[in-house]
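Take a look at the structure below.
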Amino acid sequence: MTVTANLAPAPARATSVARRDPRVVIGGMAVLAVVASVASLAIGATPIPLSDVLSALVGDTSTDAARIVVDFQLPRVLLCWLVGIGLAVSGGIMQGVVRNPLAAPDIIGVTKGAGVAGMLLTLLVPTASAALVPPVAFAGGLLGAALVYVFAYRQGASPVRLALVGIAVSAVFEAVIRFLLTKYPLDVNSSLIWLTGSLFGRGMTSVALAAPWILVLVPVVLVVARRIDVLGLGDDMAAGLGEPVERSRRLLLLLGVALASACVAVSGTVGFVGLIAPHIARRLVGGKNLTSLCAAGMVGVLLMLVADTIGRGLAAPLEIPAGLVTAVIGGPYFLYLLVKLGK
């Protein structure tokens with residue numbers, strides 16, 4: 001598989017990054033994410049006093065405000081952590097394995113494929129258990145990734161070619177989605193909100209649905225992260241070092257697709273988190289994948305918290321889906337990458 005993109009940082013930037021202790025950077029972002037989480041718990045259609053937020057967090061739900069925090073706000077914050085980490089790590093895997101800075105779940109058709117599969121299940125089998133949504137979404141995401149892989153890499157691919165093929169495959173899935181919305185008009189509103197990417201109405205059931213996937217798969221990814229570094233040396237050199245190249249590539253891509261699909265199952269198709277977070281992480285801690293994946297996870301959490309909080313507070317009592325906010329942030333960055341890599 002021929003790849004033209006190089007994810008290694010420039011020497012001057014690498015020197016600057018080398019002076020930073022990744023543990024300090026990641027720890028600082030984790031602290032910032034905790035602070036943002038507490039702020040997010042207090043922001044909504046009706047602002048909640050910080051005292052009620054803190055009381056709710058220590059188990060005192062004697063006030064109406066504290067019950068709102070526990071029943072409505074807390075599940076969304078927990079999902080921001082799960083979805084942010086899942087999408088960011090998924091994007092980091094794909095960019096590292098494919099060695100392409102434009103690889104991300106939403107760019108290469110994974111999120112749209114997972115979205116179509118999830119819609120088909122909920123519309124055609126409305127009595128199906130919610131626990132079936134993640135594995136069915138995984139199958140759809142895997143189909144999307146496979147189609148892009150086949151068409152983009154048949155003769156080798158540039159970053160721009162990958163993006164164009166991903167957009168084309170996503171357009172096909174989008175046509176299927178439009179057909180389903182036309183055929184099942186009574187479910188249009190809820191389906192559109194879900195497809196835009198929103199945590200509206202999500203409760204602890206959604207947290208319980210996503211948590212096993214994210215909490216199991218992310219540690220597995222971190223254990224095998226060294227393989228991404230080896231694959232980054234090129235297929236020939238990786239094989240020379242004894243790395244089973246194709247087997248490792250398939251394993252890592254399956255992990256990336258599974259993470260993204262689990263996120264889609266509970267949050268809908270939130271875009272650009274998987275694209276932006278790994279880029280920011282590499283600028284902060286360098287290109288070694290174990291540390292950059294950890295940093296990307298924290299960046300993803302912050303992006304989701306900011307997007308969800310802005311969505312709830314900017315036009316209250318109306319709510320802007322988090323996916324629209326991430327699109328406003330990520331769309332211009334994606335265009336910047338296209339222009340930069342297309343030169």
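The values are calculated or read from the model by the stated rules, or taken from the named source; none is laboratory data. Everything numeric here is computed off the predicted structure, so don't read it as measured data. In this analysis, Cβ positions are derived from the backbone assuming ideal geometry, glycine residues included, and neighbour counts consider all displayed protein chains.
Taking the numbered list (1) under 21 Å from ALA277 (Cα atoms); (2) of a type in the set (Asp, Glu); (3) surrounded by fewer than 18 Cβ atoms within 10 Å (Cβ to Cβ) in turn, GLU174 passes all entries but (1).
Of all the numbered requirements in (1) more than 30 Å from LEU199 (Cβ to Cβ); (2) among the aliphatic types (A, V, I, L, M); (3) without any contact (Cβ under 8 Å) to a residue 40 or more places away in the chain, ILE280 misses one, and that requirement is (1).
Looking only at residues in the range 69-106 that are buried (at least 24 other Cβ atoms within 10 Å of the Cβ) and charged (D, E, K, R), the one that is nearest to LEU255 (Cα to Cα) is ASP106. A count restricted to the range 282-335 and to residues that are crowded, with 22+ Cβ neighbours inside 10 Å and assigned to a loop (DSSP other than H, G, I, E, B) stands at 1.
Selection of the range 227-243 for residues being touching a helix residue (DSSP H, G or I) at 6+ places or on another chain (Cβ under 7 Å), of a type outside the set (A, V, I, L, M, F, W, C) and not in a loop (DSSP other than H, G, I, E, B) yields ARG227, ASP229, ASP235. For the range 172-203: of the residues being at pLDDT below 85 and among the β-branched types (Val, Ile, Thr), which is farthest from ALA265 (Cα to Cα)? Residue satisfying both the conditions and the ranking: VAL188. The residues of the range 231-242 that are at pLDDT 85 or above and either touching a strand residue (DSSP E or B) at 6+ places or on another chain (Cβ under 6 Å) or surrounded by 18 or more Cβ atoms within 10 Å (Cβ to Cβ) (or both), listed by number, are LEU231, ALA238. Would you mention how many residues in the range 194-213 are in contact (Cβ under 8 Å) with a residue 40 or more places away in the chain and outside any helix (DSSP H, G or I)? Number satisfying all stated conditions: 6. Any idea which residue in the range 15-39 is modelled with the lowest pLDDT, counting only those that are touching a helix residue (DSSP H, G or I) at 6+ places or on another chain (Cβ under 8 Å) and of a type in the set (Gly, Ala, Ser)? Filtering first and then ranking leaves ALA39. The conditions of being in a helix (DSSP H, G or I), β-branched (Val, Ile, Thr) and within 17 Å of the chain's Cα centre (by Cα) are met by VAL216. Within the range 253-281, the only residue that satisfies the criterion of being farther than 17 Å from GLY113 by Cβ, among the β-branched types (Val, Ile, Thr) and either surrounded by fewer than 24 Cβ atoms within 10 Å (Cβ to Cβ) or more than 10 Å from the chain's Cα centre (by Cα) (or both) is ILE280.
Yes/no matrix, rows are residues, columns are (1) surrounded by 13 or more Cβ atoms within 10 Å (Cβ to Cβ); (2) closer than 30 Å to ILE320 by Cβ:
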{"residue": "ALA210", "(1), (2)": "yes, yes"}
{"residue": "PRO219", "(1), (2)": "no, no"}
{"residue": "VAL223", "(1), (2)": "no, no"}
{"residue": "ASP229", "(1), (2)": "yes, no"}
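Restricting attention to the range 91-105, and to residues there that are in contact with a Ser or Thr (Cβ under 9 Å, 6 or more places away or on another chain) and part of a helix (DSSP H, G or I), which single residue is farthest from GLY331 (Cα to Cα)? Checked the range 91-105; the qualifying residue farthest from GLY331 (Cα to Cα) is VAL97. Would it be correct to say that ILE108 is under 15 Å from THR309 (Cβ atoms) and either among the aromatic types (Phe, Trp, Tyr) or not in a helix (DSSP H, G or I) (or both)? So ILE108 fails the test.
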